[in-house]
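Below is one structure, written out as structure tokens; comments come after it.
The values are calculated or read from the model by the stated rules, or taken from the named source; none is laboratory data. From a predicted model like this one, the values you see are computed outputs, not experimental measurements. We place every Cβ from the backbone using ideal geometry, glycine too, and count neighbours over all the protein chains shown. Side chains included, ligands, DNA and RNA excluded: accessible areas come from the protein's heavy atoms. Shrake-Rupley method; radii C 1.70, N 1.55, O 1.52, S 1.80 Å.
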Amino acid sequence: MSYSDLPGFVAQKEAFGETTVTIEAARIRDACAHARDELGFRMLVDLVATDYLGWASKGVSGYIATAGRDLNFPSTQGLQALPAVKPKRFSVSYQLLKLQTPPVRVRLQCWLDDGEHIPSVVSVWPTADWHEREQYDLMGITFDGHPNLVRLLMDDDWEGHPLRKDYPIGGEPVRFSDAE
């Protein structure tokens, strides 16, 4: 199936039995509404951001898991090649489901640089409320037009976004509530 009629369409890719459609970030709300209303994708299954900071730089290569892998000696298999450079630092992926027999799944994907915003899709799928708040909280992605874009998992005064690759690890004091 071709998804080239989606608003903001950039590209479509089939790999590993999955369809990924790249959409211009500014048009994601329109693309999602079109997918729901015109194509029958009534369910937003998941919305997730991925941080590709440092992707395709020296020291990164593909890995294919095998049985009996020794974690003390990390290695890769196959071609020792750097992965393809990503268009921007963050991807935001919308996993959609069309409830029919057999069910149809598609991933709408947008690319953002640090500090760029993306339109909220809460008006298309109300369940996006929690998904977008989670990505805001843990990755720092700002969803314009979200009705209540506040932290969901971390404390309100938490500094930073812990799933970003540039988030400092180690040496952090443990925070307990009601501790004296």
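Select from segment 113-133 the residues that are surrounded by fewer than 19 Cβ atoms within 10 Å (Cβ to Cβ) and touching a residue at least 12 places away in the same chain (Cβ under 8 Å) and list them in ascending order.
The first filter runs over segment 113-133 and keeps only residues surrounded by fewer than 19 Cβ atoms within 10 Å (Cβ to Cβ), leaving 113-117, 123, 126-127, 129-130.
Answer for segment 113-133, where residues must be surrounded by fewer than 19 Cβ atoms within 10 Å (Cβ to Cβ) and touching a residue at least 12 places away in the same chain (Cβ under 8 Å): Asp113, Asp114, Glu116, His117, Ser123, Thr127, Asp129, Trp130.
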message: Given the condition part of a loop (DSSP other than H, G, I, E, B), farther than 20 Å from Ile118 by Cβ and in contact with a strand residue (DSSP E or B) (Cβ under 6 Å, 6 or more places away or on another chain), answer yes or no: does some residue in segment 10-28 qualify?
response: no
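Conditions (1) on the phi > 0 side of the Ramachandran plot; (2) at pLDDT 95 or above, marked per residue:
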residue	(1), (2)
Ala26	no, yes
Arg29	no, yes
Phe41	no, yes
Ala49	no, yes
Gly54	yes, no
Ser61	no, no
query: Assuming Thr142 fulfils every condition listed in (1) touching a helix residue (DSSP H, G or I) at 6+ places or on another chain (Cβ under 9 Å); (2) modelled with pLDDT under 95; (3) surrounded by 15 or more Cβ atoms within 10 Å (Cβ to Cβ) apart from one, which condition is it?
result: (2)
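When the residues of segment 1-58 are narrowed to those that are of a type in the set (S, T, N, Q) and open to solvent by less than 70 Å² (accessible area, probe 1.4 Å), which ends up nearest to Pro87 (Cα to Cα)?
Quick first cut of segment 1-58, residues of a type in the set (S, T, N, Q) only: 2, 4, 12, 19-20, 22, 50, 57.
Next cut, open to solvent by less than 70 Å² (accessible area, probe 1.4 Å) only: 4, 12, 19-20, 22, 50, 57.
Working: Ser4: 19, Gln12: 15, Thr19: 18, Thr20: 15, Thr22: 11, Thr50: 13, Ser57: 14 Å.
The residue in question is Thr22.
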